[in-house]
Structures are given as C-alpha cells and as structure tokens.
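Notes follow the structure.
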Amino acid sequence: MNMARYVMDFERPLVKLESRLGELKKLRAAGQPDIAEEIEYLEKQIKKLHQKIYSSLTPWQKVQVARHPDRPRTSDYVGLIFTDFVEFHGDRLFKDDPAILGGPAFLDHRRVMIVGHQKGKDTKENVARNFGMPHPEGYRKALRLMKLADKFDMPIICFIDTPGAYPGIGAEERGQAVAIAGNLLEMGQFSVPIVAVNIGEGGSGGALALGVADRVFMLANAYYSVISPEGCASILWRDDSKASEAAEALCLTADKLLDFEIIDGIIEEPLGGAHHDPDFTSQGIKKVLIDSLGELGAYPSDKLVEERYRRLRKIGCFREPTP
Amino acid sequence: MPISEWFHRKEKYTRVTPPSEKKEIPEGTCIKCDACGGVIFQGELERNYRVCPKCDFHFRISSWDRINLLTDENSFSELDSNLTSEDPLNFVAAKSYPENLSQAKEKTGLREAVITGEGRLDDHKIALAVMDFGFIGGSMGSVVGEKVTRLVERATKEKTSLIIVCSSGGARMQEGMLSLMQMAKTSATLAKLHEAGVPYISVLTHPTTGGVTASFATLADVILAEKNALIGFAGPRVIEQTIKQKLPKGFQTSEFLLEHGMVDMVVHRKDLKATISKLLDFFVG
Ligand SMILES: [Zn+2]
C-alpha cells in the first residue's frame with residue numbers, strides 16, 4: 001500500500017485481520033509451507049466480517065462513511081455519468097466559489113445542467129474548495145446556472161455533498177441567509193425538471209439550497225440533517241461526545257427519510273461504501289437520473305411546478321384537533 | 001445553525017415575560033439593563049415598549065405584546081391556534097421533545113412558537129405572524145412552517161398585506177428534516193404571494209438566525225430590523241469556533257446588516273407601527 005489508509009473506528013477489527021493476512025501472504029511468498037489453509041480461513045473471516053459490519057451500519061457510522069476522504073465527489077460522478085461537461089464559473093457579483101461545481105453536459109443524448117457541492121480529493125484541494133462549504137457567491141453561482149437551464153429548457157441535476165453553508169465573517173457580510181433563501185424560492189418556480197442526489201453529506205440549509213427538486217434521492221450511506229450530529233449533541237446534550245446518540249435521534253439516514261417521504265428513493269452503494277466501487281455507484285445514480293427525467297419529461301411545465309409545490313406543501317407532522 | 005448558542009446564553013433579564021407573571025412585578029421593581037448595565041424601573045421599561053431608556057437596548061417582548069403593539073385595538077383575530085406539534089421522531093436527548101414542548105407551553109402560555117392571524121394596522125388590513133423566542137428558541141418545526149404557510153396562502157388569496165415579525169434560533173432540531181423542509185415550504189409559498197403582487201414586510205427582531213433567516217425572514221419586499229438585534233445565518237458562537245477568532249464588535253447587528261445592504265431600515269420599536277403603516281400606504285394606498 002503506497003498511502004496510509006483512512007480507517008474508521010468501526011473498521012479496526014477488519015484492518016487487524018487484513019494486516020494478519022498480509023503477513024501470512026508474505027510468509028507464503030517467502031516459502032513458508034503449510035499456511036495455505038490458514039490464509040483461506042482468514043480470507044473467509046474477513047469477507048464475513050466485512051459483510052457483517054457494512055450490512056448493519058449505525059447512523060453515526062454512516063455519517064462517517066459519508067464523510068470518508070476517499071468518497072467520490074461531484075466531479076467524479078460528473079466524469080463517470082455524463083459526457084462533454086463544460087464548467088462555468090462565477091456569480092457575476094463577487095467571485096467564483098470553488099465549493100460549487102456547475103455547467104452543462106450530456107446525460108446520454110439529453111442536455112442537462114449540473115450543479116453540485118464540490119469537496120476536494122486531498123487536503124490541498126479541500127482547502128481550495130473550502131471542504132465543500134459554499135459562501136453566498138457559491139449559491140448565487142448555482143442560481144445563475146439554474147436560471148440558464150430554465151431559459152434553455154435543460155433539466156437541472158443537483159449533487160448535494162456539504163457539511164453546511166460556511167459560517168464565516170465574509171459569508172455573513174455578503175448575505176449567506178439571503179442567498180440560500182433566494183435559491184429555495186427560485187427553485188420552486190423553475191419550469192424544467194429538477195432532480196437532486198445526495199451523494200454524501202446533506203448539512204442543513206446549505207444542502208437544502210440545492211435540494212428543492214421534483215425528485216430527491218440519497219446514496220445508501222449519505223446523510224441529510226437539520227444540524228450536524230456534533231452540533232446537536234453540543235446543544236441538546238451539552239456534550240460533543242454524544243454525536244452518535246444525536247445521529248440516531250435526528251433520523252438522518254436514507255431509510256428513515258424515505259419513510260418520512262422527504263426523499264423518493266435510495267441508491268445502493270457497494271459493500272464498504274461508494275469509494276469501494278465508484279463505477280458501480282455511478283451506474284446506480286445514472287439509472288435513477290434517466291428514469292426520473294423520462295418520467296418528469298412527460299409533464300407539461302405548469303404541472304411540473306404545481307407538483308413540486310404539492311410535494312413540499314404536504315411535508316410536516318402536526319396535530320389539528322377540530323375545535 | 002439552528003438554535004445554537006441561545007441555549008447557552010444567560011437568561012437573566014431578556015426572558016420573555018408572560019402576561020400573568022408581569023402583572024405580579026410591582027411598578028417599582030428595578031431591572032439591570034443587559035446592554036448598558038443601567039438600572040431601570042419596571043414601569044418605566046414597560047412604558048418605553050420594553051426598550052432601555054438609557055441605551056435603546058430592545059428587550060425581547062412576548063408575541064402577544066408585539067401583536068398589541070402593532071394592531072389596532074381589538075382588531076386581531078387568531079388563525080390556526082389549535083395546531084400543535086407531534087413527536088414524529090420520538091426524539092429524546094437530555095430531555096424528550098414532548099417534555100420540551102410542555103415546558104415551553106407552561107413557560108409562555110403559548111401553544112407554539114408563532115401566532116398567526118388577521119387584523120388591522122392603522123386601518124390597513126393585514127395578515128400577521130409573530131414569532132416568540134420564548135417557545136423553544138422560536139424554532140421552526142412543522143407547526144411553525146404550516147402556520148406561516150397557511151397565512152401566506154390566505155394573504156395571497158385575499159390580497160392582504162403580509163407582515164411577519166421574526167425571532168428565532170432556526171429550524172427545530174427535534175423534528176429533524178421535517179423542520180428543515182419547512183424552509184423550502186414557506187419559501188415556495190412566498191413565491192406565489194409575490195407573483196400575486198401582495199406586499200410582504202418582514203421585521204427582524206432580536207435574535208433571528210439560522211433556518212428562519214435563510215427562508216421566509218429575508219424573502220420580503222421590505223426588510224426592517226429592530227435596533228441592536230442579532231441577525232444572521234450562523235450564530236456567533238459557531239462562527240467563532242470555525243474561524244478561531246473573536247468576532248468584531250457590532251458583527252451581525254441590525255446596523256451591520258444595514259451597512260452591508262441586507263435590510264432596508266433599522267427601526268426603533270416605538271416607531272415600528274408607524275413605519276409599517278407608511279410602507280403600506282405606498283404599496284396598497
Ligand atoms: Zn441599557
């Protein structure tokens with residue numbers, strides 16, 4: 001292995017077995033006899049444990065998978081799913097925000113506009129892209145591109161992957177709240193189909209600002225939450241270390257959100273998480289995009305806007321006794 | 001960043017005073033101003049719209065006091081008052097959500113963090129929503145989102161000018177994504193109101209942050225802010241933790257927002273009704 005592997009806590013038992021396996025294989029290569037059986041046994045154990053760990057991830061473990069540094073980014077899926085992508089830059093008001101990636105591309109034969117949060121692949125790129133946390137100019141660039149899509153009758157594909165909108169001085173000075181609110185209002189009005197896919201982190205309002213759509217999907221290990229588990233733990237438990245409990249309580253996983261009808265479907269990930277097989281993951285995303293656009297393309301535009309509104313309008317859970 | 005530091009803030013003097021409790025405080029009781037440290041008599045504070053006469057610090061006021069301040073006498077009738085929260089996530093932290101709710105109800109005498117209704121303001125017919133920070137930090141869950149949405153729909157249909165007085169820590173964590181989605185729901189319904197040419201004036205009061213600021217609070221035709229209010233997307237504590245610096249003095253105040261072009265006017269509470277009235281004269285005649 002050429003690089004130190006990023007290990008999540010719950011993977012440690014697995015890593016231990018794997019390194020033992022590595023040692024045995026070295027011994028075998030060096031000519032040690034009689035260990036073939038042990039190697040075979042260990043390989044089976046590893047497979048079993050892998051299956052066991054990943055088929056029953058807790059919400060907090062899923063959050064960690066969603067934040068995995070090797071997880072495919074928006075740019076990876078753009079390369080794997082679309083052709084002829086052209087990146088557009090800038091909000092025409094202040095600057096270009098590298099935390100948002102966007103531009104037109106082809107999805108098979110269909111013209112689409114892609115807008116997504118963009119994290120980095122390494123520390124250097126992550127710093128440049130502010131770890132996928134947009135400033136107001138990022139949301140305004142996104143809005144600008146979506147307006148272009150609306151004008152040229154191109155469906156909009158949003159990729160959600162952000163810890164949240166950036167909480168900083170410049171962001172506040174330039175109206176982070178206003179930028180997000182503006183997207184929420186405008187996205188409700190576009191007369192082209194909008195499909196959003198949460199590929200990793202769905203951090204609060206900063207995620208939702210690319211999330212008003214006709215269809216919303218989540219990768220199986222993605223999370224979508226009103227607040228980060230850590231933030232919730234520090235406020236409601238007064239204890240940062242309760243993030244795991246908070247993740248459980250917040251119902252932030254794809255299966256829960258499907259039950260609550262916040263999302264429309266879950267896209268399968270390979271065992272171990274999307275980064276274990278980006279091709280497989282991207283095929284799953286591509287299929288739901290094509291199916292959704294096929295279905296939504298049949299709607300007249302006024303019906304599309306009306307249905308998008310109805311979809312939002314019914315969200316909420318309350319009691320209303322007749323007086 | 002919903003609610004954030006407001007739960008950590010000392011509650012001493014800025015606590016919302018329910019009407020019953022307020023009557024028990026004698027006229028002569030002394031209060032120390034949070035902002036300037038000056039000593040004010042309770043009666044003096046009440047007569048001055050709960051604004052410190054020495055430094056103009058605007059103490060928080062309850063939603064009913066606010067309604068009385070803004071509407072013509074006996075003109076307000078409440079809507080959707082029977083909507084109450086469920087516990088869809090079965091949320092349990094240090095406290096359970098139902099416990100939070102019942103404590104908030106007892107403390108404020110309210111059923112939820114917003115009161116909506118119709119009334120008159122200097123004879124202008126208005127649809128009015130007033131949030132109350134005393135109720136779980138004025139947080140927006142399903143009920144707040146639904147009541148605001150219904151009011152906007154009603155205002156759109158009847159072409160009644162809409163006024164929303166905001167005070168909120170953001171989306172309500174205890175209802176998870178259902179709360180976050182109320183941002184999209186209220187924003188989408190406001191698009192229809194704007195399309196119908198109905199005026200919407202938003203009043204940002206201390207404090208307004210998080211999901212409410214990033215949705216209906218800032219989607220108005222005209223945005224007013226009460227003096228000295230804390231207004232922002234992220235709470236100051238979250239920002240300080242992120243940038244690992246102390247924030248400059250006056251950061252995220254109404255005056256700061258005015259300077260940065262985020263609000264139209266900073267208004268003293270005593271002038272609020274007259275200001276809105278004048279604006280409605282412009283927009284509806
Ligand atoms: Zn004072």
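The values are calculated or read from the model by the stated rules, or taken from the named source; none is laboratory data. These numbers come from a predicted model, not from an experiment. In this analysis, Cβ positions are derived from the backbone assuming ideal geometry, glycine residues included, and neighbour counts consider all displayed protein chains. SASA here: full protein model, heavy atoms, side chains in, ligands and nucleic acids out. Shrake-Rupley method; radii C 1.70, N 1.55, O 1.52, S 1.80 Å.
A few notes on this one:
- Accessible surface of A:C317 - all protein chains present, 1.4 Å probe, nearest 10 Å²: 40 Å²
- Pairwise alpha-carbon distances in region A:9-56 exceed 12 Å for 62% of all pairs.
- Overall, the anisotropy analysis places region A:63-313 in the rounded class: the square-rooted eigenvalues a ≥ b ≥ c of its C-alpha gyration tensor yield a/c less than 1.5.
- Here the spin labels are modelled as points 7 Å beyond Cα on the Cα-Cβ line, and at A:F88 and A:D291 they lie 3.0 nm apart.
- For region A:248-323 versus region A:43-115, the inter-centroid distance based on Cα atoms is 16 Å.
- For the pair A:Q51 and A:R319, a Förster radius of 45 Å applied to the C-beta separation gives a FRET efficiency near 0.55, rounded to the nearest 0.05.
- Inter-chain Cβ neighbour average for residues A:218-226, partner chain, 10 Å: 3
- Dipole size of chain A about its Cα centre, with +1 on Lys/Arg Cβ and -1 on Asp/Glu Cβ: approximately 240 debye, rounded to the nearest 20.
- Prolate/oblate/rounded label for chain B (Cα gyration tensor, a/c 1.5): rounded
- Accessible area that becomes buried as A packs against B, both chains, 1.4 Å probe, Å², nearest 100: 5100 Å²
- Cα centroid separation - region A:190-224 against region B:64-118, whole Å: 31 Å
- Accessible surface for B:K54 stands near 120 Å², nearest 10, in the context of the full protein assembly shown (1.4 Å probe).
- In the assembled protein chains, A:R111 presents an accessible area of approximately 110 Å² (probe radius 1.4 Å).
- Accessible area in the full protein assembly, largest first, 1.4 Å probe, for A:K286, A:K47, B:K125: A:K47, B:K125, A:K286
- Neighbouring partner chain Cβ atoms per residue of B:243-256, average, 10 Å criterion: 1
- DSSP H segments from chain B that extend 15 Å or more along their own axis, Cα-based, with Kyte-Doolittle mean of 0.5 or above: B:272-284
- Here the accessible area is traced with a 1.4 Å probe on the protein chains. For chain B, carbon and sulfur cover 50 percent of it.
- Sorted largest first by accessible area at a 1.4 angstrom probe radius, with every protein chain in place, the residues B:D34, A:D34 fall in the order A:D34, B:D34.
- Exceedance of the 18 Å cut-off in Cα-Cα distance is limited, within the set B:K32/B:K54; B:K125/B:K157; A:K16/A:K48; A:K141/A:K287; B:K32/B:K273, to A:K141/A:K287; B:K32/B:K273.
- Across peptide B:79-88, the average count of Cβ atoms from other chains found within 10 Å of a residue's Cβ is 3.
- Placing pseudo-labels 7 Å out from each Cα toward the beta carbon at B:M265 and A:D255 gives an inter-label distance of 5.6 nm.
- Sites A:T58 and A:R110, calculated FRET efficiency, Cβ-Cβ separation with R0 41 Å, nearest 0.05: 0.60
- Principal-axis tilt of helix A:301-313 within chain A, Cα atoms, nearest 10 degrees: 60 degrees
- Acute angle (nearest 10 degrees) that the helix A:12-29 long axis makes with the longest principal axis of chain A, alpha-carbon atoms: 50 degrees
- Sequence of A:K314, A:K25 from largest to smallest accessible area, 1.4 Å probe: A:K314, A:K25
- Here each label is just a point 7 Å from Cα along the line to Cβ, and for A:K25 and A:L80 those points are 2.3 nm apart.
- Region B:186-225 versus region A:146-161: alpha-carbon centroid distance in Å: 25 Å
- Angle of helix A:136-151 to the longest C-alpha principal axis of chain A, folded into 0 to 90 degrees and rounded to 10: 70°.
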